[in-house]
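K.L.:
Submitted below is the structure of interest, expressed as structure tokens.
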Amino acid sequence: PEQVIVTSGTQQGLYMAGRVLLSRGDPVWAEDPAYPGLTAVLDDLGLSTHRIPVDAQGMNVERGLELCPQARAAFVTPSHQYPIGMPLSMARRNALIAWADQHRAWIVEDDYDSELRYAGHPFPSMQGLRPSRVIYLGTFSKVLFPSLRLGYVIAPAPLAEAFAGARAILDRHSPTSEQHVLAAYMKEGYLEAHIRRIRGLYAERRAILLSALERALPEGCCIEPSDQGMHILLWLPEGTDDVQLAARALSAGIAVRAISPMYAGQPARPGLMLGFGGFLQDELQAAVGELVRLLRLCERRTSEHMPP
Ligand SMILES: Cc1ncc(COP(=O)(O)O)c(C=O)c1O
């Protein structure tokens, strides 16, 4: 308990990690593609960010070692790479820890949705593997709701006081009334029961979305397999303008997020993040129908503009 610092969510935990562990200009690793809320923090703190490509095993640590072995910290989403969705393999977890040990660097583990796992056994957290080098960030945004604004940092014991100090400088502490309610909710077993219930519910919604997509997907689109969280990733045919497609979808009442802007270095692949947590069967099916219609429209426009 003395290593747990309550935050207003992972966003604040990322910012605090940057303030406590790093100084302006320090080199750091971030995944490519990455969560825009993270890259905004790294830019804001004036850090020198090296974007490390992800592949089927998650962050390519070997590439990080080539690009910038002296980085002071690595920011990763090991249990469910954001936005693509693969977990960081055990070999890569070990390689990342070996690098952090050797260079006395830090690993910041953004574990935003590992409670929502639908199949298979999860890998052990990075924090569990090397508590002395890992700053773990947890949140209640996914399992409860994001406007609650409650999350937590688990800091290595020698850093706990520094993190608590950084938290106090920002806005002293999160509202205690909400913390008391949540603590009682956890203590009385409701949170666990709630997670069990939504895991079943979201697994159903995920299956509905997947089957609606599989039935209707135009050629060149594919779904990235992932069995965790509240979204799936739909890859689009090369050359598709995913930003424009997301804007068109929004005008039609469907909120999806474009993937290509989340890339920095490697060629950006177009895709859309499709959330399924908050929608009923009919809503999901209707949204897929509309999305496919927009995709076909977009395809037609692209081919009309292509030279013969
Ligand atoms: C990868 C990732 N990290 C961090 C966050 C921020 O979460 P919070 O609401 O706890 O600040 C999110 C929210 O969607 C996320 O997807």
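All of the numbers you see were taken from the coordinates with simple rules; none came from a lab. Keep in mind it's a predicted model, so treat the numbers as computed, not measured. Methodologically, a virtual Cβ is constructed for each residue, glycine included, from the backbone with ideal geometry; neighbour enumeration extends over all protein chains shown.
K.L.:
Would you compute, from DSSP H runs of 4+ residues alone, the mean residue ellipticity of the chain at 222 nm, taking -39500 (n - 2.57) per run and dividing by the full residue count, rounded to the nearest 500?
P.N.:
-13500 deg cm²/dmol
K.L.:
Separate question: Given the peptides 173-185, 217-229, arrange them by the average over their residues of other C-beta atoms within 10 Å, most packed first.
P.N.:
217-229, 173-185
K.L.:
A further question on this structure: Find the relative contact order for the stretch 199-305 and round it to a whole percent, using C-alpha pairs within less than 8 Å whose residues are 6+ positions apart.
P.N.:
Computed over the stretch 199-305, the figure is 32 percent.
K.L.:
Using Cα centres only, tell me the gap between the stretch 12-39 and the stretch 97-156 in whole Å.
P.N.:
Distance between centres, Cα-based: 14 Å.
K.L.:
Between residue 195 and residue 43, take the C-beta separation as r, use R0 = 35 Å, and let me know the FRET efficiency to the nearest 0.05.
P.N.:
Computed FRET efficiency for residue 195 and residue 43 comes out at 0.55.
K.L.:
Still on this model: Considering only the chain, what is the antiparallel percent among its DSSP beta bridges, to the nearest 5?
P.N.:
Antiparallel bridges make up about 55 percent of those DSSP assigns within the chain.
K.L.:
Provide the packing ranking of 256-263, 281-288, i.e. peptides ordered by the mean count of other C-beta atoms within 10 Å per residue, highest first.
P.N.:
256-263, 281-288
K.L.:
What's the local net charge at residue 6, with K and R +1, D and E -1, over the other residues with C-beta under 14 Å away?
P.N.:
Net local charge, residue 6 excluded: 0.
K.L.:
Just want the ordering: 195, 254, from fewest to most Cβ atoms lying within 10 Å of their own Cβ.
P.N.:
195, 254
K.L.:
Order of 231-239, 96-104 by packing, highest average Cβ count within 10 Å first?
P.N.:
Going from most to least packed, we get 231-239, 96-104.
K.L.:
Tell me the trypsin sites (Lys or Arg not before Pro) within the stretch 1-97 that lie in a loop according to DSSP and have at most 11 other beta-carbon atoms within 10 Å.
P.N.:
Filter output for the stretch 1-97: 24.
K.L.:
Note the angle between two axes, namely the Cα long axis of helix 190-216 and the longest principal axis of the Cα atoms of the chain, as a number of degrees from 0 to 90, rounded to the nearest 10.
P.N.:
Once rounded, the angle reads 30 degrees.
K.L.:
Shifting gears a bit: Once you sort the root eigenvalues of the Cα gyration tensor of the stretch 218-272 as a ≥ b ≥ c, which label holds: rounded (a/c under 1.5), prolate (a/b larger than b/c) or oblate (the other case)?
P.N.:
rounded
K.L.:
Sticking with this structure for a sec: Only Lys, Arg, Asp and Glu count, each charged at its Cβ (+1, +1, -1, -1), so figure out the dipole size of the stretch 4-187 about its Cα centre, rounded to 20 debye.
P.N.:
340
K.L.:
A further question follows. In the stretch 156-191, which trypsin sites (Lys or Arg not before Pro) fall in coil by DSSP and have 14 or fewer other Cβ atoms within 10 Å?
P.N.:
When the trypsin sites (Lys or Arg not before Pro) of the stretch 156-191 are filtered for loop state and at most 14 Cβ neighbours within 10 Å, 172 remain.
K.L.:
On to the next question. Below 13 angstrom from the Cβ of residue 32, what's the summed charge of the other residues (Lys, Arg +1; Asp, Glu -1)?
P.N.:
Its environment carries a net charge of +1.
K.L.:
Okay, moving on. Farthest toward the dipole's positive end in the chain, which of 103, 134, 78, given Cβ charges of +1 (Lys, Arg) and -1 (Asp, Glu) about the Cα centre?
P.N.:
Comparing the listed Cα positions along the dipole, 134 ranks first.
K.L.:
Given the C-alpha centroids of the stretch 277-300 and the stretch 210-246, what is the distance between them in whole angstrom?
P.N.:
11
K.L.:
So what is the relative contact order for the chain, in percent, with contacts set as C-alpha pairs under 8 Å and at least six apart?
P.N.:
Once divided by the residue count of the chain, the mean separation gives 18 percent.
K.L.:
Restricting things to Cα coordinates, could you compute the convex hull volume per residue of the chain in Å³?
P.N.:
Considering the Cα atoms of the chain, their hull volume per residue is 147 Å³.
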